[in-house]
Amino acid sequence: MTDVTSETLRRWRESQGWDVPRMARELRKAAADSGEDVAAHHGLVKMIPQWERGNRAPRERYRLLYLQIFQGALGGLSHGMALGTDFALRLAEIRSRAASLPGPGEITALEGAALAKPRETMTRAEIRALAEEAIAHLHEVTAKLTELSALLGEDQAGEGKP
């Protein structure tokens, strides 16, 4: 995704005949459709020209939204780039879902609440075992996300570059 240059962003927008405010609306619409949270319209109107001039590089979520919007234009890309784009979009979805997982503090609080009001059919040891199993699963998910993030390490390292 580092191949998407500031010039490419501008050309994609202009190929549709869109002005900057329209591009901002399209980004917000794509974000809403995929459940992403993005800057307000006026903030995007300021950021888009900066991205297109190469003064700033868009963050990963914005690059992915551009790719979603302009998938038709991406049809001419090589098969490898298309696969990379598909992988990046899927990874963004995984990261979005992972962000909604409870953190260690929340897990501890949930475990404490479960132990404070144990059900009559479960012993404290059974509840603790279930909580430990859930935590182990969360650690597995974290490990998989770390592996996936490492695959995009080169992309993230280039995030500050146009």
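The values are calculated or read from the model by the stated rules, or taken from the named source; none is laboratory data. Here the structure is a predicted model, which means the values were calculated and not measured. Neighbour counts are summed over all protein chains in view; Cβ atoms, including those assigned to glycine, are modelled from backbone coordinates with ideal geometry. Please note that ligands, DNA and RNA were not included when accessible areas were found on the heavy atoms of the full protein model with its side chains. Shrake-Rupley method; radii C 1.70, N 1.55, O 1.52, S 1.80 Å.
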Options R22, R59; residue that is open to solvent by 70 Å² or more (accessible area, probe 1.4 Å) and more than 27 Å from L151 (Cβ to Cβ): R22
Lone qualifier among E52, E159, E93 - being in contact with an Asp or Glu (Cβ under 7 Å, 6 or more places away or on another chain), under 30 Å from P21 (Cα atoms) and either charged (D, E, K, R) or modelled with pLDDT under 75 (or both): E159
Close pairs from the stretch 133-144: first more than 14 Å from E111 (Cβ to Cβ) and without any contact (Cβ under 8 Å) to a residue 40 or more places away in the chain, partner in a helix (DSSP H, G or I) and open to solvent by 60 Å² or more (accessible area, probe 1.4 Å), Cβ under 9 Å, at least 6 apart: K144/I94
Residues that are open to solvent by less than 20 Å² (accessible area, probe 1.4 Å), touching a Pro at 6+ places or on another chain (Cβ under 6 Å) and β-branched (V, I, T), drawn from the stretch 25-56: none
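So, in the stretch 96-133, of the ones that are closer than 30 Å to R63 by Cα and open to solvent by 60 Å² or more (accessible area, probe 1.4 Å), which residue ends up modelled with the highest pLDDT?
The qualifying residue modelled with the highest pLDDT is L101.
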Could you check, for the stretch 28-41, whether at least one of its residues is under 18 Å from T5 (Cα atoms) and assigned to a helix (DSSP H, G or I)? no
